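For reference, the structure discussed in these notes is given below.
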Amino acid sequence: MKYLVNILTIFLVSQTFGVFSAQTNSNYKYPTHKFLQSADSLLCEKDTINALKVLEDFVNKTKIKEVTWKSKNACNPITDLINPYSIYADVCLEISDLSLRLNKPKNAIKYIKKLKNEFFPRSGGCLNGILMYETKISIYLANYYLYIGQKAEAIKTLTEYFIYQEYYSKEATEKLKALLMDEYSLNELRTIVNISIENIELDETDGPVIFLFGQRIILWPTSTIKDAKEFCRTNINLNKIIK
């Protein structure tokens, strides 16, 4: 089972990089959007306030399906953050990040909620794609919780998706470990993880779940408690937490 998960992950990452490469192809058929270009230029000029306004206008006043994105500015502040297939979702996360920089936490969480309610990229129903984007959201949501002083919620948020080893999980794992190391010693972390693995159980749908750092995690890649324990014991990200 773990080998199947790794193969699926490698395939998804390769597809993701393919999409990112397509963004910079000069023959790509979707035009660069003027709102994004304007925000990009404003950020290069360190005008965060007006860049935020422009990006909010983009989300609230435009309706497009796909757009390529290539900055004309040397500093390229948002070039690598925009994917043509999740354009509104990506911009909502950029708005959340800029809002925290401007001491606007309510606006930051507003656009994360807007993303989830209106613009979440469903990846054609592909579970790996959905988990990948949920992992990305968890990083921004954790930043919001840390900003408002709720470290425990930040830890729970990162814990929910880092274990799936999707594209953004490396960053999520590093952030999670840094937060956990403020709370526990390595020996304590190892004890917590080992106890959690031993206590993996089946939920109401007979799917394995683990309770870890205050979070209930559905172990999607597995179907039995035995497989779930093996998945966790050999999980790259989980092992990074305890080493």
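The phi-based Karplus calculation (6.51 cos²θ - 1.76 cosθ + 1.60; θ = phi - 60°) puts the 3J(HN,Hα) values of the stretch 200-211 at 4, 9, 9, 8, 5, 9, 6, x, x, 9, 10, 9 Hz, whole numbers, x for Gly and Pro. Converting phi to 3J(HN,Hα) with the Karplus coefficients 6.51, -1.76 and 1.60 and the offset θ = phi - 60°, the stretch 129-134 yields x, 5, 5, 4, 6, 4 Hz in sequence order, with x at every glycine or proline. Report note on the peptides 88-97, 205-214: ranked by the mean count of other C-beta atoms within 10 Å, highest first, their order is 88-97, 205-214. Just need log10 I(q)/I(0) for the stretch 110-232 at q = 0.18, 0.20, 0.21 Å⁻¹, Debye formula, equal scatterers on the alpha-carbon atoms, no solvent, rounded to two decimals. At q = 0.18, 0.20, 0.21 Å⁻¹ the computed log10 ratios are -1.04, -1.22, -1.30.
The base-10 log of I(q)/I(0) for the stretch 178-236, evaluated at q = 0.15, 0.23, 0.29 Å⁻¹, reads -0.45, -0.90, -1.22 [Debye formula, identical scatterers on Cα atoms, solvent excluded]. The string of couplings for the stretch 212-223 from the Karplus curve (6.51, -1.76, 1.60, θ = phi - 60°) is 9, 6, x, 10, 8, 10, 7, 8, 3, x, 10, 10 Hz, one whole number per residue in order, with x for Gly and Pro. Anisotropy class assigned to the stretch 125-170 is prolate, per the alpha carbon gyration tensor with a/c at or over the 1.5 cut-off and a/b larger than b/c.
Modelled spin-label separation between residue 178 and residue 75, with each label point placed 7 Å from Cα along the Cα-to-Cβ direction: 2.2 nm.
Each value in this text was obtained by applying a stated rule to the coordinates, not by laboratory testing. What you see is a predicted model; the values in this text were computed from it and never measured. Note: ideal-geometry Cβ built from the backbone for every residue, glycine included; neighbour counts use all protein chains shown.
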